[in-house]
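Inspection log for the structure reproduced underneath, given as structure tokens.
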There are 2 protein chains.
Amino acid sequence: MEALQKEVNSVKKVIGIMSGKGGVGKSTVTVMLADSLLNHGYKVGILDADITGSSIPRLLKIEEEHLSSDQDTIKPYITEKGLKIISMSLMLDDKKQPIIWKGSVLSSVIQNIWSKANWGNLDYLLIDMPPGTSDIALTVLQQFHPNGMIMVSVPQDLVQSIVHKSIEMVHQMNIKFIGTILNLSYMTCPCCGNDFKLYEESKEFGAKQRILGDLPARRNVAELANNSGILNEETEKLISPITRIILEEVKISSLV
Amino acid sequence: MEALQKEVNSVKKVIGIMSGKGGVGKSTVTVMLADSLLNHGYKVGILDADITGSSIPRLLKIEEEHLSSDQDTIKPYITEKGLKIISMSLMLDDKKQPIIWKGSVLSSVIQNIWSKANWGNLDYLLIDMPPGTSDIALTVLQQFHPNGMIMVSVPQDLVQSIVHKSIEMVHQMNIKFIGTILNLSYMTCPCCGNDFKLYEESKEFGAKQRILGDLPARRNVAELANNSGILNEETEKLISPITRIILEEVKISSLV
């Protein structure tokens, strides 16, 4: 397996997108970052590691696609723009059925996908992690050794207290913590067009993490803007400053 | 264990609150329903089964409390109003540390809590389930045999597709599916005071589930209204029609 990995793949950097808490927009942020990195000229892949709550294929409107795989390799789906995606849910026959597997099985499956993935050349591989600090999070952090981890949170104490535990987990596993993206931070008033905050300021957790940027609550912020890309001019502007920090924190040496 | 359960406990009905997807307000809805059931005159308990992403203690502002337990029993925390709560996070010394346990361990822990819980007399025990369809969901559905399951969702296709898988899981396990509560359905405009929808109408999933009611996105909708209760007059009005459907669907025979 290791041999195959080295033979067919050249993945320069791996970045995990995590939150601990679900429903904060982790997958949305993942596809936004992926598209932004593509726009910056990098080769990008997404590994959808949220097996029981897979969202990536639906966000990219490719949920009816099927990945081709033989015994030894899994070939990613490739969008027109060149984004490569591997998701367990693109390997199932009936995508509407729940995946009722124990954590130990989920861990084996994600390891199996990891070892068989035929990514080819990638600058950045983004891993969309499931909520929680259990099996898959453990497997990804311990065995895939990401070069950095990004947290997605919302500016609410209840959520921040759970995200903070995931940051602790990352530190305990000696993985680099890049910073936190605060999603759903504000909303544009449908009447007057002014932005207003959705949550009260988080007093307890604000200072404890490096905030990479704020993103608004907006319908379809990560909707496919056209057949090939995800971001439009406005949403690219929102994510681009965050992308630049990440590029600075997890540098690809050959391009620097 | 079984003997102890029967000796010390008389729990009439068990209802699971599930979503499959995280961050939809499952714990918020759980405490709202619990308080509403108390207001209807029932004896109510909450088992917080979302071990790695525990939210109940924080919502009830009891996160600094410690549950007393000896080798054989775990005594719930009891609020002034009489709500009984058992949460793993109330048994830990350092509540800020992540719980990095494999799914098999999480399953054993929740079974252990289940068998040792000293609930006394309860009419309704609500179980706040973690996201996903893996270990804890499996254990709760297979081994605790809830009398009914409620889904919490938001009216967005991406979320609904995941919640729908959890409904399938409940059907496959032959557990009664009561219906779905659509949370974060609308928001009150901060300028004009009119309600507006946060998501576009879900075309795909609307017809496939029984909708019990809609709840708004609102700051602190489940904030402790006073030292003992959670709901104020306005929020009680929001949840009460849903409570009545649930009481009808999972009846306590001795009270009917």
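The values are calculated or read from the model by the stated rules, or taken from the named source; none is laboratory data. Nothing here was measured: the structure is a model prediction, and the numbers come from that model. No Cβ is skipped: glycine too gets one built from the backbone with ideal geometry, and neighbour counts run over all protein chains shown.
Side notes on the structure shown:
- Filtered residues of the range B:165-180 (kept if buried (at least 20 other Cβ atoms within 10 Å of the Cβ) and part of a helix (DSSP H, G or I)): B:K165, B:S166, B:I167, B:M169, B:V170
- Residue that is farthest from A:P216 (Cα to Cα) [pool: residues in the range A:140-164 that are part of a loop (DSSP other than H, G, I, E, B), touching a residue at least 60 places away in the same chain (Cβ under 8 Å) and more than 10 Å from chain B (Cβ to nearest Cβ)]: A:H145
- The single condition from (1) modelled with pLDDT of 95 or more; (2) of a type in the set (K, R); (3) under 25 Å from A:S19 (Cβ atoms) that A:K43 fails is (3).
- Set A:K116, A:K81: member being within 17 Å of A:I230 (Cβ to Cβ), more than 14 Å from chain B (Cβ to nearest Cβ) and among the basic types (K, R): A:K81
- Scan of the range A:78-117 for residues that are under 12 Å from A:L67 (Cα atoms), in contact with a Leu (Cβ under 9 Å, 6 or more places away or on another chain) and of a type outside the set (A, V, I, L, M), ordered by number: A:K84, A:S87
Quick grid of which residues meet (1) more than 19 Å from B:D94 (Cα to Cα); (2) outside any loop (DSSP other than H, G, I, E, B); (3) polar (S, T, N, Q):
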| position | (1), (2), (3) |
| --- | --- |
| B:T28 | yes, yes, yes |
| B:S36 | yes, yes, yes |
| B:S54 | no, no, yes |
| B:K61 | no, no, no |
| B:E64 | no, no, no |
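- Considering the range B:165-186, the residues that are without any contact (Cβ under 8 Å) to a residue 12 or more places away in the chain and at negative phi include one that is nearest to the other protein chains (Cβ to nearest Cβ), namely B:E168.
- Residue in the range B:181-197 that is in a loop (DSSP other than H, G, I, E, B), modelled with pLDDT under 80 and not hydrophobic (A, V, I, L, M, F, W, C) present: no
- Checking each residue of the range A:121-136 against the condition of being within 25 Å of B:P131 (Cβ to Cβ), in a loop (DSSP other than H, G, I, E, B), in contact (Cβ under 8 Å) with a residue 24 or more places away in the chain and touching a Phe, Trp or Tyr at 6+ places or on another chain (Cβ under 9 Å) gives at least one match.
- Among residues of the range B:10-46, those that are within 14 Å of chain A (Cβ to nearest Cβ) and more than 9 Å from the chain's Cα centre (by Cα), counted: 7
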